[in-house]
Each structure stands twice: as structure tokens, then as C-alpha cells.
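Inspection log for the structure reproduced underneath, given as C-alpha cells.
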Amino acid sequence: MNSTNFKVPFSAMLSTLVAGLDVDVYYEEFEEKAKLIHHRIDAADLDKKAWLRSLALADYQNDKDLDAYIDANYSRLSYVYDDHGRVAGLAAIGTRFLPYDDFLGGTTVGGLMTGLHSRSGEHWIGVLEKAPGGAKRAGGEFCASEQILRDWVVSQVNGLNVAVTDFQTRFRLQLAMHFFKTDPKSVAVAFCVLDNKSSQTIVSLDVLVRLLAQGKKLLFVDSEFVSKKENEGHGDSYMNPSQVAALLKPDEILYNPLMNSGYLTYKLVNGVPVNDCGFIDCLYRMTDDMGYQMLFSYRNNYAKNNFGMNERALVMEVRKKTE
């Protein structure tokens, strides 16, 4: 992950642990005066920027990019409520391109963080409350309903006013929207290697459909790490794109997953992807919207992943719809 260790005082870790509590928390160390380390999350005067910095341990990470991201995005934090009107989170959709271990997000059970380490703002920054998933308090289902979370996601995305050419933000949003079972087709993009001599580029789905309509074929390499059946599979990043790209024929394009996500899972039923808001489903529906039909086939043992396992490729072609 290329992460760097950093040290924090105990009071800072305690502040992170109680990030979702609806009461003030004070900490007294030895003979020192007790100090406020957490202001109740539902307080009208909550300093959201300070709260997010505390959650991310930003004062101790020494990361100027992280500081700049917090400055630019803390104002997007909004409360999420459950069906009874109780606070079920304070969060914003994550837009940081590759947010590995930035500690910006997390889940709580009863207001207490379910995990302090290996956290990121991959899908959201801030916290979302979950029901207890067992004695470990690891977290089960979100306390907010799926519909409430979808409405929150749509509101967040609409509030961003993302530029059409802001492909990196769109890449991040599609993963978050899929995670919250919200259709990302309108923002979805794809990292692709357009031929065996090119570096990767990022394109919107409509541009990708036009390339396929010109006679190109899109190759999506399946993963050996997820049970794959005849009509379903999953892509992952455990492959060397340049090595796989070397196998491309002149009329072929390689899809590069870039990072692992449930967004890369698909299932075909009678030649049609299940409507699961994943990449294959979004591309199929975009193809249909543009007046084309998509055909699927497989190439077995197409390439080896980084662990030497043979992977198959799902091949996608586009044809003009017949009357």
C-alpha cells in the first residue's frame, strides 16, 4: 500500500474511537486538567472540519494533500438519519482518487468506531452508523435504510456539479454509487488500454461504446480469486496491464480495473447483464441507450495474473440494433 507509519497520542486515538457518540467526551491524563476530546456529533455548533481532522488523525499524518482535501470537502458533510429521525451518520461521498489508508471514513456501532486502523474514505468520508453485527460489535446493516442512503447519495452527487471532463472524480463516484446500490451510469468511466502500443487512458462510457461501434472489441479479464461460472465473473487488479496489453490484437481494447471493487462483478442471464449497477451492466445499458446491442463471448486461458493463474477474458462487441 506504500503507507507510512505515524504515531499519535492516546487521547487522539480515544477521540477517534468515540467519533460517533451523541455526548461530549472528556479525557483526563494523570494530573492534567480534563479536556474535551469529542463534541457530541449532533451538536448544532459542531466544528465539522475539526471533527473530520480528528477522525482522520490528520494532525499526525503530515500529509499536505490530505489537509487540502479536508479543507475542500469538510463542508459537504451532511447528517444521515434513520427511519425514526435519529442520527445515523455524518458523512459525504468520497471523491479522493486513490484514498488508500487516509483514515477519512469509518463505521460506528452505538457511536463507537468499529475499527481504528486500515480505514479510508473510499466510499464516504465521515462515519455511518451500523446495527451490531454480533458480540464483536463489528457492524451489521447500516441503520439508515437503503432508500435513505440512495437519496443521500443522489443529493451528494448532485451537489458536486462534477465537470464532464473530471474523469478522476467520476471514477471515484461510480464506485461509491455502486456500493450504495445507486445507478452510476450517468457518471461512469473506464480506464482502458486502447491498443498494445498505448498507455492507458480514461474514457466515458459513451465514448467507449462509439469505439466498439467502430469494430473494436473490449476485453475484460476475469479473476481466478472469485468463484466464476459460465455466465458470471469478477475483475480485479491482480494483473499487469502492460503484460496483458501486449496480447491485444489491433482491433482490441483492454479494460483496466485499476482497483478492486464489487463494481467489477457481473452476471449474464440469457446474454443480458443483471441490473446490479456494476460496470458491465452500466456499459450494456449505455450501449442500449445509444441504439446498439452488445454481444458477449469468452476466451479461456487468455492471460496469467500476477500469481501465475490463467485468467479468461470476457469479450464484448457492439452491433447496430436490427429492426
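For the chain, the relative contact order comes to 12 percent (Cα pairs under 8 Å, sequence separation of at least 6). Computed from Cα positions, the angle between helix 279-289 and the longest principal axis of the chain comes to roughly 60 degrees.
Entry note: the chain has Rg to Rh equal to 1.03, where both radii use alpha-carbon atoms and Rh is the Kirkwood radius. Taking every alpha-carbon pair within region 10-161, the share separated by more than 18 Å comes to 56 percent.
Any idea what angle helix 64-73 forms with the longest principal axis of the chain, computed on alpha-carbon atoms, 0 to 90 degrees, nearest 10? Taking the Cα atoms of the chain, the angle to 64-73 is about 90 degrees. Taking the C-alpha atoms only, the angle from helix 146-160 to the longest principal axis of the chain is near 80 degrees. Shape annotation for region 200-287: C-alpha extents along the principal axes are 30, 28, 21 Å, from largest to smallest.
Exposed loop sites are taken as chymotrypsin sites (Phe, Trp or Tyr not before Pro) in a DSSP loop (any state but H, G, I, E or B) with at most 14 other beta carbon atoms within 10 Å; the longest stretch of the chain without one runs 101-224.
Region 1-72 and region 260-323 have Cα centres spaced 43 Å apart. Take every DSSP beta bridge whose two residues both sit in the chain; close to 85 percent of them are antiparallel.
Over the chain, dividing the summed -39,500 (n - 2.57) contributions of all DSSP H runs of at least 4 residues by the number of residues returns a 222 nm mean residue ellipticity of -7500 deg cm²/dmol.
Since every read-out is calculated from the coordinates, none of them should be taken as a lab result. None of these values were measured; they are calculated from a predicted model. Glycine gets a Cβ as well: all are built from the backbone with ideal geometry, and neighbour counts include every protein chain shown.
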